[in-house]
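Have a look at the structure below, then the notes.
The values are calculated or read from the model by the stated rules, or taken from the named source; none is laboratory data. Everything numeric here is computed off the predicted structure, so don't read it as measured data. All accessible areas refer to the heavy atoms of the entire protein, side chains included, with ligands and DNA or RNA removed. Shrake-Rupley method; radii C 1.70, N 1.55, O 1.52, S 1.80 Å.
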Amino acid sequence: MAKQLLRGGDKLRKALDDLAKKVARGGTVEAGVFEDATYPDGTPVAQVAQWDEFGTKSAPPRPFMRQTINDNQDKWGADLAKALQATDFDAEKALGIVGERIASQIRDTIREGDFAPNSDLTNLLKDRYPKGDYGTAEFLQAVADLKNGARGGGGKPLVWSGQLLNSIRSQVSDD
C-alpha cells in the first residue's frame with residue numbers, strides 16, 4: 001500500500017488553534033435588572049421586578065422574565081452561532097450581541113405582555129402621579145378617594161414610570 005504524505009497542515013493547525021483560543025475565553029451573559037438600578041427614592045428596581053414577576057400578597061404575578069424565557073430561549077443558541085460568525089468568533093462580542101437581543105426581548109415582553117390588569121388604586125395613582133413620585137400621604141389620600149368613588153383610567157401593567165423598562169440591560173463577564 002502506498003503512503004501519501006500531506007503537507008501544509010501547519011497553517012490549518014494554527015488557524016484551528018487561534019479559533020480555539022478565541023472561543024475558549026468564553027464568558028457569561030446576563031440580561032435583566034441589575035442591583036445598581038434604583039428608583040429615585042432609592043428602592044432597588046430589582047426588588048420591584050421580583051414583586052412584579054412573582055406577585056405579592058396584594059398584587060398578582062406578572063411574569064415578564066419567565067414569559068420572555070419561555071417565548072425565546074429556543075432561539076438563543078442559533079443567535080449565538082450567528083453572532084460568533086459575525087464577530088470572527090470573538091466570544092465576548094458575540095455574547096454582548098446576544099445579551100442585548102435578550103434584553104430587548106425582555107423589554108418587548110414588558111411592553112406587549114398579557115398581564116393581570118392594574119388595580120383601581122394603581123390606576124388612580126398612575127393618573128395623579130404619572131412619574132410615580134408620590135409619598136405616604138398621597139397614597140393614603142388616594143385610598144380614601146377610592147373609597148369615596150374616585151377612579152383612575154386604565155393603564156398597562158409594568159410601564160408606569162418607565163423605570164423598570166429602562167433598567168433592563170445585559171452584561172458579559174469572564175467565567
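Backbone amide hydrogens, once placed in the peptide plane, bring Thr38 within less than 5 Å of Val45, excluding anything fewer than 5 places away on its chain. Note that the chain shows a convex hull volume over its alpha carbon atoms of 148 Å³ per residue. Net length available on complete extension from Lys156 to Asp74 is 26.7 nm, with 0.36 nm assigned per residue and the Cα-Cα distance removed.
Rounded to the nearest 10 square angstrom, Arg66 shows an accessible area of 110 square angstrom against a 1.4 Å probe. Computed over the Cα atoms of segment 79-175, pair by distinct pair, the Kirkwood hydrodynamic radius stands at 16.2 angstrom. Taking 0.36 nm per residue of separation and subtracting the Cα-Cα distance, full extension of the segment from Ser58 to Phe139 would add 27.7 nm. Straight-distance candidates among the aspartates and glutamates for linking to Lys147, with alpha-carbon spacing under 12 Å and chain neighbours fewer than 8 residues away dropped: Asp120. Note on exposure: Phe89, Phe54, Phe64, Phe115 ranked by accessible area (1.4 Å probe, complete protein assembly) read Phe54, Phe89, Phe115, Phe64, with the most exposed listed first.
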